[in-house]
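Colleague: Dumping the structure here so I can ask a few things about it.
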Amino acid sequence: LSDKMVWDGAEKLPDLTLTMAADYQAPGGGMSYFIPTDDRADPYLSAYTALAFNWLRRDGYAVPDHVQRKLRQYLLNFLRNNAVPTFYTEGMTSTVRAVALAALAEDQQVERSDIERYAPFLKGMSLFGKAHFAKAAMMVPGEQNRAVEAAKAILASANERSEEHTSELQSH
């Protein structure tokens, strides 16, 4: 962004967002978009919120303990039980679980058995899911081989173009 870009009040947004987080948390710990009820808790929003909490904590912000604790429990339940929305496809489920694994692994909440349980679903994950599965596996002692497996799956989805073709595209 240009140095001329000014966003008045931007420095207050992280603290304000963290203060408001509890207002969007369902009683069961999941995060919701508007109405915080368990039937409206969204697993993907919850997993991604946990990632965002990790980023904010790393940057020195205070994430409310009670919100984070309930969110971790919700995500662990999502991982270890069949607590999946009925409209989720198998690929959606495995991808969202990979994001949850990555968020929880940063907090040392993931065990080897969690990584092993989801390794067979790697092929069905989106590229985003595979990247988060790799991240989670790298953080769990003894699971680095699963991280390598995920990295290979990521690389297998890449497309390469010849230099000649790339140069042609760049000239247009």
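The values are calculated or read from the model by the stated rules, or taken from the named source; none is laboratory data. Note that the structure is a prediction, hence the values are computed from the model and not measured. Cβ: placed from backbone, ideal geometry, glycine included. Neighbour counts: every protein chain shown. For the accessible areas, the whole protein counts, side chains as well, though only heavy atoms, and no ligand, DNA or RNA atoms are used. Shrake-Rupley method; radii C 1.70, N 1.55, O 1.52, S 1.80 Å.
Colleague: Label ASP39 and ASP15 with points 7 Å out from Cα along Cα→Cβ: what is the distance between them in nm?
Modeller: Each label point is offset 7 Å from its Cα along the Cβ direction, giving 3.9 nm.
Colleague: In sequence order, what are the phi-derived ³J(HN,Hα) couplings for segment 110-115 according to the Karplus relation 6.51 cos²θ - 1.76 cosθ + 1.60 with θ = phi - 60°, rounded to whole Hz, with x for glycine and proline?
Modeller: Values per residue, Gly and Pro as x: 10, 9, 4, 4, 5, 5 Hz.
Colleague: Just to verify a number: FRET efficiency for TYR61 and MET5, C-beta to C-beta distance, R0 = 30 Å, to 0.05? Kindly include the intermediate steps, with their values, before the conclusion.
Modeller: Working: r = 22 Å, r/R0 = 0.74.
Computed FRET efficiency for TYR61 and MET5 comes out at 0.85.
Colleague: Here is a further query. Just to confirm a number: summing +1 for Lys and Arg and -1 for Asp and Glu over residues other than TYR88 whose beta-carbon lies under 12 angstrom from that of TYR88, what do you get? If you can, show how the numbers build up before the last one.
Modeller: Numbers: positive: ARG97; negative: ASP42, GLU90.
Neighbourhood net charge equals -1.
Colleague: What is the ratio of the Cα radius of gyration of segment 14-172 to 2.2 N^0.38 Å, where N is its residue count, to two decimals?
Modeller: Cα Rg divided by the expected 2.2 N^0.38 Å: 1.18.
Colleague: Show which lysines lie in cross-link reach of LYS4 when reach means a straight Cα distance below 30 angstrom and same-chain residues fewer than eight apart are skipped.
Modeller: LYS12
Colleague: Dipole magnitude of segment 12-69 about its Cα centre, charges +1 at Lys/Arg Cβ and -1 at Asp/Glu Cβ only, in debye to the nearest 20?
Modeller: 180
Colleague: To two decimal places, what compactness ratio does segment 24-81 give when its Cα radius of gyration is scaled by 2.2 N^0.38 Å?
Modeller: 1.06
Colleague: Using the crude model of +1 on Lys and Arg Cβ and -1 on Asp and Glu Cβ, and no other charge, please compute the dipole size for the chain relative to its Cα centre, in debye to 20.
Modeller: 500
Colleague: For the chain, what is the accessible area per residue in Å², given a 1.4 Å probe and the full set of protein chains?
Modeller: That works out to 62 Å² for each residue.
Colleague: Compute the signed sum of charges (Lys and Arg +1, Asp and Glu -1) over the other residues within less than 13 Å, Cβ to Cβ, of MET139.
Modeller: Residues near MET139 contribute -2 overall.
Colleague: In the chain, carbon and sulfur make up what percent of the accessible area (probe 1.4 Å)?
Modeller: Ligands and nucleic acids excluded, carbon and sulfur give 55 percent.
Colleague: So, in segment 37-172, how many Lys pairs have Cα atoms under 18 Å apart, if the pair is 8 or more places apart or on different chains?
Modeller: Eligible lysine pairs with Cα atoms under 18 Å apart amount to 4.
Colleague: I'd like to compare 14-23, 126-135: which one has the highest average count of other Cβ atoms within 10 Å, and what's the full order after that?
Modeller: Going by the mean number of other Cβ atoms within 10 Å, highest first, we get 126-135, 14-23.
Colleague: Let me ask another. Cut-off 16 Å, label point 7 angstrom out along Cα-to-Cβ of ASN81: give me the residues of segment 19-57 whose amide nitrogen falls inside.
Modeller: Label zone hits: 26-31, 38-43.
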